[in-house]
Protein chains: 2
Amino acid sequence: MSGADLTVRALPPLPEVRPGDDLAALLTAAHPAPFPDDAVLVVSHKVVSKAEGAVVRLADVVPSPRARELARELDKDPAVVEVVLGQTREVVRARRGVLICRTHHGFVAAHAGVDGSNVAAGSVVTLPVDPDASARRLRDALPGRPAVVIADSFGRPWRHGQAEVAIGCAGLVALDDRRGQADREGRELLATQIAIADHVAGAADLARLKDDGRPAVLVTGLARWRTDEHGPGAATLRRAADEDLFGAA
Amino acid sequence: MSGADLTVRALPPLPEVRPGDDLAALLTAAHPAPFPDDAVLVVSHKVVSKAEGAVVRLADVVPSPRARELARELDKDPAVVEVVLGQTREVVRARRGVLICRTHHGFVAAHAGVDGSNVAAGSVVTLPVDPDASARRLRDALPGRPAVVIADSFGRPWRHGQAEVAIGCAGLVALDDRRGQADREGRELLATQIAIADHVAGAADLARLKDDGRPAVLVTGLARWRTDEHGPGAATLRRAADEDLFGAA
C-alpha cells in the first residue's frame, strides 16, 4: 500500500462562456492532448452554469413580498433575494446580510450559491440544476473520458474562509466509506468516511488564482479513486436535512 | 497571473512515533535531500501528538461524575469521555453517540479530537496543546525550513465525510483574505476568504492511504503562499464562539 504522486495543473484560460456554448469543446481546445488515464478534470461551477444558461437578468425578476421583506432586513437587492429564494428549499439562517439556504438539490450554501461576481453587470449565476448530471454529460463529451468534478466554494460553520467543495462529480469516488474497517492494530475505525471529491476540489483551487480566467484544473495521480461508471456523484456528500450535525447517516 | 503546478507526494513511512521522539529527525531521515524552496510539509497531527507525549493511558484516568453520566447517555467508555471533557471548553452537541466539542484551542471537533485509532491499546491521543507552536518548532528544526501544516480530519455539518483541515501552520498563508478586492468586471468580491491551509491539508490526504504509516506529505508549487515569517498560523481559521455560522468576523 503506497501513496500516489499527484500533480495539479490549471488549464489555460477559457474565453468568456455564454449560454449555449459547448463547454466540452472549449475545454478540449484548451487541452488538445487526450486527457491521461488517471485524470480528474475539476471545473468551476460558474462556467458550467453559464454554458447551461443558469444566468438570470435581474431586470427580468419581479420580487415577491417575502423577497422584498428579507431584502429590507438584510439590506440587499430584492431581485437578488428573489433569485436566491427561487433556488431555496429552506432558509437555514438570515443574519448579518447573509442568507444561508438549503437549495433544492440539498446543498447548504450562502445565498443558495447565487453569485454576481465575474458575470455580466445586472446578471447573477445560479448553481447548475443537476450538477451530477452536468458532470456526467461533460465527462462523456471529453476525449479520454476524464473523471469530472464540478466545484464551488462554500463557507463553513466554525471555521473562517471558504473551502472548495464538489457539487457535481462523475467517474470518481466522491466519498470513501471505510466504516467497519480496522486500523493497524485491528480495532474498528470510527467515523471514517473521507470526502475525496471535496479534497480534489480544494487541491485544484490551489493551482489557480481566483478570477484568473482558468476555470479548469487537471489533477492526475488519482487512479485508485477513478471509476469507469459515472457512479452516484457528489450527491453522496450531501447530508439530509433530518440528519444532525455530525449525526450518523 | 498564471496558476502554478502542484505536486503532492507522501514521504516514506515513519517508524512508530513515541513520546519524546525527535519528530524533525525522523522526518529528515525519511527525506534525506533538503526540502525544496517552495515546499510545504503536511504532517498528520497524530505523530506530532505522540512525539509531544499527548497520549493518555485510559487506566490512569478517573472519570468525573459528569463524564460517567455522559458516557452512560452516549454508550461510551467513561474514561474516554473524561479525556474528551478535559480537552473541552464547551460541549456543542451530545447526540447519537458523538460529542461535538469546542476545544480549549477553539476548534470544533468530534470528541475534541481525541482519537483511539492507531494508538497502543488502552491509550488515546489528544490534539497537540498548541498546534501552531508545534508547527513553528518543527519548521525551525527541518533542513530548508519548509512551511509546515499540521492536519487532522474533522467532520462537517451539512456534508457527509470528514475533510482534512489545518490545525497548525507555520510559514504559509493559512487564510487568503481578498475581501475588498475587485472581480474581473471591477465589482467588489463578496465573502472571498479562501482557506488555503485547509486545501493543502486535503490535497496531502489524497497522496496517502489512511493508516498506511505515511504521516507526512510534501507539497510543492505553493511558493506564492509561502512566507519567511512563521505568520499567525492556523489560528486565523478558527471562528470564535460568538460569531454566527458564516457570520462576518
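The values are calculated or read from the model by the stated rules, or taken from the named source; none is laboratory data. Note that this is a predicted model, so its numbers are computed, not measured. No Cβ is skipped: glycine too gets one built from the backbone with ideal geometry, and neighbour counts run over all protein chains shown. SASA here: full protein model, heavy atoms, side chains in, ligands and nucleic acids out. Shrake-Rupley method; radii C 1.70, N 1.55, O 1.52, S 1.80 Å.
Can you tell me which of (1) open to solvent by 10 Å² or more (accessible area, probe 1.4 Å); (2) outside the structural domain of A:Trp225 (by TED's automatic domain parsing); (3) not aromatic (Phe, Trp, Tyr) is the one A:Arg156 doesn't meet?
Only one criterion in (1) open to solvent by 10 Å² or more (accessible area, probe 1.4 Å); (2) outside the structural domain of A:Trp225 (by TED's automatic domain parsing); (3) not aromatic (Phe, Trp, Tyr) is unmet by A:Arg156, namely (2).
Of all residues in the range B:201-234, which are acidic (Asp, Glu), surrounded by fewer than 21 Cβ atoms within 10 Å (Cβ to Cβ) and within 7 Å of chain A (Cβ to nearest Cβ)?
Pass one, the range B:201-234, residues acidic (Asp, Glu): B:205, B:211-212, B:228-229.
In the following step, the residues that additionally are surrounded by fewer than 21 Cβ atoms within 10 Å (Cβ to Cβ) were identified as B:211-212, B:228-229.
Result: B:Asp211, B:Asp212.
Test A:Gly231 against the criterion of being at pLDDT 90 or above and within 15 Å of B:His160 (Cβ to Cβ), and give yes or no. Don't jump to the end; show me each part of the working.
Details: at pLDDT 90 or above: yes; within 15 Å of B:His160 (Cβ to Cβ): yes.
The answer is yes for A:Gly231.
Can you name every residue in the range B:164-180 that is assigned to a strand (DSSP E or B) and either surrounded by 23 or more Cβ atoms within 10 Å (Cβ to Cβ) or modelled with pLDDT of 95 or more (or both)? Steps first, please.
Applying the first criterion (assigned to a strand (DSSP E or B)) to the range B:164-180 yields B:164-170, B:172, B:176-177.
Listed by number, the residues that qualify are B:Glu164, B:Val165, B:Ala166, B:Ile167, B:Gly168, B:Cys169, B:Ala170, B:Leu172.
Condition test on B:Thr28, is it modelled with pLDDT of 95 or more and in contact with a Gly (Cβ under 7 Å, 6 or more places away or on another chain)? Before the answer, list the steps.
On the way: modelled with pLDDT of 95 or more: yes; in contact with a Gly (Cβ under 7 Å, 6 or more places away or on another chain): no.
No.
For the range A:97-118, which positions are at pLDDT below 90 and out of contact with any helix residue (DSSP H, G or I) (no Cβ under 8 Å at 6 or more places or on another chain)?
A:Ser117
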